[in-house]
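The values are calculated or read from the model by the stated rules, or taken from the named source; none is laboratory data. Just so it is clear, the model here is predicted, and its values are computed rather than measured. With ideal geometry, Cβ positions are generated from the backbone for all residues, glycine too; neighbour counts draw on all protein chains shown. The accessibility values were calculated without ligands, DNA or RNA, using every heavy atom of the protein model including side chains. Shrake-Rupley method; radii C 1.70, N 1.55, O 1.52, S 1.80 Å.
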Amino acid sequence: MNGEVSRLLSVENAKELLDSVDAFLFDCDGVIWKGENLIDGVPETLDLLRSHGKKLVFVTNNSTKSRKQYAKKFHSLGIPVNEDEIFSSSFSAAMYLKVNDFPREKKVYVIGEEGILEELEQAGFTALGGPADGKKNIELKSNCLFEHDKSVGAVIVGLDQYINFYKLQYATLCIRENPGCLFIATNRDAVGHLTALQEWPGAGCMVAAVCGTTQKEPITVGKPSTFLMDFLLQKYKITTSRMCMVGDRLDTDILFGQNAGCRTLLVFSGVTNESKFQDLSKEVKPEYYTNSIADLLKYI
Ligand code: PLP
Ligand code: CA
């Protein structure tokens, strides 16, 4: 798509897009919902696409929930979605360890919330940290020595509303002192819509804190990582040129689709509005753009 001009979705090109793809990958926040609020027309649009035989997949960088918790959220919003149609960055982190044969006897230290802990448990890994360490503190005294578990072989960093000095010290020592310890970021979103009305600090700033103390760069497993795309493709066995990635962010969603050779559609129902898009869209260009996925109801 680089070098080409993005086009406004219309009756003519929406039909062509529908006919030429077998699967739609939907980003969640800003496309399906905003915080806890469903975006207008979404359930009807998804029903329409399913009635045309399209495979629907939901990909979210928000690591605070597990796939099981996301399936519950979809159901509570009146959208029937199965757990195996959801790819969250929390799930992707656990799958990264699994695919790379992370030794079961090693532990995983988590700066993050329940979603990561649940996915690690389901995948059979032992986790330390998470919300429980939110209450811990360090009392700095002279000769104070902070101990960490030498059997931690990976640190996962995601959005953590309870991040503190203790967790940063723990993660830092594991990465710096445990030989071969992996440093995994669920995602690097600068901000997120934890609530509908406002943006809040995203996992990106927590990851940056650990980059700062360790002077190391993490392996990122959420959008726009190739790990997540490759994992998803292995499961669905769909050619990327017959998939359309739909999202509200250029640097995560559209880049994720563009890198893999998918068709791409940017929507203005989330963090990118039309004027921001015109300013930003230099390197990453969606093939199409429109206000919301509900526009598909008008065009198909
Ligand atoms: N991370 C956090 C903490 C968020 O709150 C959000 C959106 O609400 C995201 C990431 C981005 O999620 P998505 O990939 O579904 O847009
Ligand atoms: Ca989004």
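See the values below:
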| quantity | calculated |
| --- | --- |
| Close pairs from the stretch 276-291: first closer than 18 Å to I32 by Cα, partner among the basic types (K, R), Cβ under 7 Å, at least 6 apart | Y288/R7 |
| Residue list for the stretch 186-213, restricted to those being charged (D, E, K, R) and open to solvent by 60 Å² or more (accessible area, probe 1.4 Å) | R188, E199 |
| Any chance F58 is under 24 Å from T290 (Cα atoms), within 16 Å of ligand 2 (Cβ to nearest atom) and part of a helix (DSSP H, G or I) | no |
| Only listed residue being within 16 Å of ligand 1 (Cβ to nearest atom), of a type outside the set (D, E, K, R) and part of a helix (DSSP H, G or I), chosen from F87, F74 | F74 |
| Residue within the stretch 222-229 that is in contact with a Leu (Cβ under 9 Å, 6 or more places away or on another chain) and of a type in the set (S, T, N, Q) present | no |
| Filtered residues of the stretch 13-46 (kept if of a type in the set (D, E, K, R) and either more than 16 Å from ligand 2 (Cβ to nearest atom) or surrounded by fewer than 14 Cβ atoms within 10 Å (Cβ to Cβ) (or both)) | K15, E16, D19, D22, E36, D40, E44 |
| Condition broken by P80, with the remaining ones in (1) open to solvent by 50 Å² or more (accessible area, probe 1.4 Å); (2) touching a residue at least 40 places away in the same chain (Cβ under 8 Å); (3) assigned to a loop (DSSP other than H, G, I, E, B) satisfied | (2) |
| Among the residues listed as K216, K235, the single one being part of a loop (DSSP other than H, G, I, E, B), more than 14 Å from N61 (Cα to Cα) and open to solvent by 40 Å² or more (accessible area, probe 1.4 Å) | K216 |
| Looking only at the stretch 59-71, and only at residues there that are surrounded by fewer than 24 Cβ atoms within 10 Å (Cβ to Cβ) and of a type in the set (S, T, N, Q), the one that is nearest to ligand 1 (Cβ to nearest atom) | T64 |
| Among residues of the stretch 175-218, those that are of a type in the set (S, T, N, Q) and free of Cβ contacts under 8 Å to residues at least 60 places away in the same chain, counted | 5 |
| Residue within the stretch 105-114 that is among the acidic types (D, E), crowded, with 20+ Cβ neighbours inside 10 Å and in the same structural domain as A203 (by the TED database) present | yes |
